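Q: Just passing along the structure, written as structure tokens.
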Amino acid sequence: MKEKLVCSSCGKELTSENSIMFDGQVLCNDCLENKTTICNNCGERIWNDDVQGDSNTALCNNCYEYSVENVS
């Protein structure tokens, strides 16, 4: 029997085959795509709420801090 999981974001029932672990949470593909993004600099996946940078460039906190330090 396949393990049943629940998406931490939308509550959709999932199996281990169609679930993704991200940041300690179980997500469905839709929530992973809609609630996270990829840092344009290092390629790390981050929550949309944690995106630094501007509307054209998504940056994780580490890349943003590095860019600010090197501009000053």
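The values are calculated or read from the model by the stated rules, or taken from the named source; none is laboratory data. Everything quoted here is computed from the prediction, not taken from an experiment. Using ideal geometry, Cβ is built from the backbone for each residue, glycine included, and neighbour counts are taken over all protein chains shown. The area values use the complete protein model at the heavy-atom level, side chains included, leaving out ligands, DNA and RNA. Shrake-Rupley method; radii C 1.70, N 1.55, O 1.52, S 1.80 Å.
Q: If I ask for residues that are more than 23 Å from Cys10 (Cβ to Cβ) and open to solvent by less than 50 Å² (accessible area, probe 1.4 Å), which ones from the stretch 34-52 would you list?
A: Across the stretch 34-52, the qualifying residues are Cys39, Gly43.
Q: Checking the conditions here, which among Ser55, Ser67 is in a loop (DSSP other than H, G, I, E, B) and either surrounded by 17 or more Cβ atoms within 10 Å (Cβ to Cβ) or more than 14 Å from the chain's Cα centre (by Cα) (or both)?
A: The conditions single out Ser55.
Q: Can you confirm whether Ser9 is within 13 Å of the chain's Cα centre (by Cα) and of a type in the set (Gly, Ala, Ser)?
A: Yes.
Q: Between residues in the stretch 25-46 that are assigned to a loop (DSSP other than H, G, I, E, B) and residues that are basic (Lys, Arg), which pairs lie under 7 Å by C-beta distance while being six or more apart or on different chains?
A: If the second residue must be basic (Lys, Arg), the pairs left are Cys28/Lys12.
Q: Taking the stretch 4-13 as the region of interest, how many residues are among the hydrophobic types (A, V, I, L, M, F, W, C), at pLDDT 95 or above and touching a strand residue (DSSP E or B) at 6+ places or on another chain (Cβ under 7 Å)?
A: Total satisfying the criteria: 2.
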